[in-house]
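The values are calculated or read from the model by the stated rules, or taken from the named source; none is laboratory data. Keep in mind that this is a model prediction, so the values were computed, not measured. Every residue, glycine as well, gets a Cβ built from its backbone with ideal geometry; the counts of neighbours run over all protein chains shown.
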Amino acid sequence: MKSYIEQHKDRFRNELLEWLRMPSVSADPAFKDDVLRAAAFAADRLKDAGADQVEIIATPGYPVVYGEKIVDPKKPTVLVYGHYDVQPADPYELWDSPPFEPVIKKTERHPDGAIYARGACDDKGQVYMHIKAFEVMMQTGNLDCNIKFMIEGEEEVGSSNLNPFLEKYRDKLKADVVLVSDTSMVANDCPSVTVGLRGLSYLEVEVTGANRDLHSGVYGGAVANPINTLAMMIASLKDANNRITIPGFYDAVREFSADERAEMAKVPFSLDAYKSELDIDDIEGETGYTTLERSSIRPTLDCNGIWGGYIGKGAKTVLPSKAYAKISMRLVPNQQSDKITELFTKHFEHLAPKSVRVKVTPHHGGEAALTPTDSIAYAAASKAMETTFGKKPIPTYEGGSIPIVASFERILGLKTILMGFGLNSDALHSPNEHYGLFNYYKGIETIPYFYKYLAEMSK
Ligand code: BES
Ligand code: MN
Ligand code: MN
């Protein structure tokens with residue numbers, strides 16, 4: 001298999017570059033045709049690689065690309081999930097090269113070169129490894145499991161049509177385990193398998209003062225300024241220890257045991273490198289927890305955007321009528337997204353002084369997920385990575401969210417293996433997102449071993 005990869009290396013890279021040139025931004029309707037083109041591309045490449053029953057299945061939103069190869073009903077079946085949609089590329093001016101014109105550049109962390117493009121790592125690059133690994137297994141006669149691919153186009157906007165999709169296609173999606181590459185490893189010389197993801201509750205708030213914008217000299221000091229009020233309300237959502245002040249917020253939080261935390265502390269982490277990479281002089285977070293814990297097994301609350309009033313050139317003396325903010329809460333097992341949204345809403349309404357009115361509008365949400373490390377599938381992933389990296393991967397908890405993972409368990413009864421090959425420094429969702437060629441090819445090399453070991457261990 002290794003020689004097949006070597007022989008077709010350049011084509012494997014060029015095909016991905018072609019996919020990355022399609023701006024499949026699900027959040028912005030202006031890109032609708034490109035999103036659909038990216039779906040068609042995935043379907044065509046699945047067909048080329050040898051998948052059967054390839055279909056672009058419609059949903060009320062963007063379609064799901066499906067394809068399968070059933071080699072033997074007695075063998076284990078793996079459902080491969082990923083997404084072909086990408087985050088918006090804004091702000092464009094902060095990119096060193098245009099986000100949808102991929103270029104390859106060498107960096108200190110990626111001496112073999114990395115592909116710079118929106119979606120390079122999250123998630124087209126990682127999905128494409130699976131399509132190519134499948135081609136490799138088909139072409140070299142090494143496919144030891146049944147495979148079903150399910151590649152969606154709305155992950156970056158909350159996968160809101162996917163739960164009904166899982167319900168509707170329960171039979172079609174029947175499998176033994178789900179395999180996803182949409183997370184990160186600790187480092188290229190420190191492979192890891194993700195065993196925890198955070199959940200999410202995302203909402204928008206609107207604070208209204210007077211019925212119109214007011215002259216800040218005539219009314220200032222006598223009428224509420226919704227921006228000031230909103231800022232105070234947001235600031236009060238955390239206390240001096242950076243604990244979230246919403247009553248009941250921590251009630252369901254699963255506290256990790258001393259043993260689990262000791263295990264986590266073994267993950268290589270340099271606070272100095274972390275700070276220097278982000279250009280910050282200090283970190284901050286919940287008292288009593290390490291940076292790794294704060295960003296993975298502890299819940300958070302963050303304002304993601306805030307606006308209102310005059311933001312044009314120069315000065316305009318005005319008390320705005322309205323102020324807004326977008327707020328996210330990252331959740332951990334066993335918090336429930338709907339419940340937390342409700343607690344937030346109640347508390348936020350309660351916080352508002354009589355001088356303003358507030359409106360809270362929930363956006364999307366999702367539950368946290370945990371993967372057991374004592375399953376056959378985890379052992380297969382671990383052995384696959386050990387084979388190609390020469391080092392056993394460590395289990396890690398990550399702070400990002402893939403809401404569908406909890407749905408796979410709830411609706412299909414399936415556990416998910418999160419075998420990602422990206423790095424957290426790959427600038428996901430940021431300008432200059434990139435994906436190492438080392439990571440790309442390592443993924444293509446590793447994935448077939450997962451199927452091989454899963455088949456062997458399942459006997
Ligand atoms: N691939 C990410 C999630 C991720 C990134 C997990 C890095 C672990 C490490 C995914 O595409 C993503 O961005 N998810 C969104 C959630 C969604 C509901 C918008 C997120 O985490 O913000
Ligand atoms: Mn992703
Ligand atoms: Mn993402």
Count, please, the residues in region 353-370 that happen to be closer than 26 Å to Leu331 by Cα and in a loop (DSSP other than H, G, I, E, B).
2
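Take Asp48 and tell me if it is assigned by TED's automatic domain parsing to the domain that holds Glu445, touching a helix residue (DSSP H, G or I) at 6+ places or on another chain (Cβ under 8 Å) and of a type in the set (D, E, K, R). Before you say what the answer is, go through the steps one by one.
Details: assigned by TED's automatic domain parsing to the domain that holds Glu445: yes; touching a helix residue (DSSP H, G or I) at 6+ places or on another chain (Cβ under 8 Å): yes; of a type in the set (D, E, K, R): yes.
Yes.
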What number of residues within region 113-160 are over 18 Å from Leu79 (Cβ atoms) and among the hydrophobic types (A, V, I, L, M, F, W, C)?
7
Going through region 198-218 one residue at a time, which ones are over 30 Å from Glu255 (Cβ atoms), in contact (Cβ under 8 Å) with a residue 24 or more places away in the chain and either part of a loop (DSSP other than H, G, I, E, B) or within 16 Å of ligand 3 (Cβ to nearest atom) (or both)?
Gly209, Ala210, Asn211, Arg212, Asp213, Ser216, Gly217
Could you count how many residues in region 409-435 are within 15 Å of ligand 1 (Cβ to nearest atom) and at pLDDT 95 or above?
16
Selection count where residues are crowded, with 16+ Cβ neighbours inside 10 Å and away from ligand 2 (no atom under 16 Å from the Cβ), scope region 354-367:
6
Might you let me know whether region 383-396 holds any residue that is modelled with pLDDT under 95 and surrounded by fewer than 23 Cβ atoms within 10 Å (Cβ to Cβ)?
no
Which is among the acidic types (Asp, Glu) and more than 22 Å from Lys2 (Cα to Cα), of Glu135, Glu93?
Glu93
Looking only at region 64-90, count every residue that is away from ligand 3 (no atom under 16 Å from the Cβ), closer than 24 Å to Leu418 by Cβ and assigned to a loop (DSSP other than H, G, I, E, B) and tell me the total.
2
Of the residues Gly119, Gly153, Gly158, Gly141, which single one is small (Gly, Ala, Ser) and either more than 16 Å from ligand 3 (Cβ to nearest atom) or within 25 Å of Ser458 (Cα to Cα) (or both)?
Gly141
Can you find a residue in region 436-456 that is surrounded by fewer than 18 Cβ atoms within 10 Å (Cβ to Cβ), out of contact with any Gly (no Cβ under 6 Å at 6 or more places or on another chain) and farther than 30 Å from Ala89 by Cα?
yes
How do the helices (runs of 4 or more DSSP H) wholly within region 256-327 filter down when requiring 3 or more residues that are of a type in the set (A, V, I, L, M) and either modelled with pLDDT under 95 or not assigned by TED's automatic domain parsing to the domain that holds Ser216 (or both): which remain?
258-264, 271-278
Looking at this structure, is Lys105 more than 16 Å from ligand 3 (Cβ to nearest atom) and more than 20 Å from His429 (Cα to Cα)?
no
Check on Val205, over 30 Å from Tyr378 (Cβ atoms), in contact with a helix residue (DSSP H, G or I) (Cβ under 8 Å, 6 or more places away or on another chain), in the same structural domain as Ser328 (by TED's automatic domain parsing) and at pLDDT 95 or above
yes
Checking Val103, Val71, Val86 in turn, the sole residue that is within 24 Å of the chain's Cα centre (by Cα), touching a residue at least 24 places away in the same chain (Cβ under 8 Å) and either within 16 Å of ligand 1 (Cβ to nearest atom) or surrounded by fewer than 24 Cβ atoms within 10 Å (Cβ to Cβ) (or both) turns out to be Val86
Subset of region 145-197 that is of a type in the set (Asp, Glu), under 23 Å from Gly413 (Cα atoms) and in a loop (DSSP other than H, G, I, E, B) - its residue that is nearest to ligand 1 (Cβ to nearest atom):
Asp182
Residue selected from region 207-259 under the condition surrounded by fewer than 16 Cβ atoms within 10 Å (Cβ to Cβ) and among the acidic types (Asp, Glu), by the criterion nearest to Asn304 (Cα to Cα)
Asp239
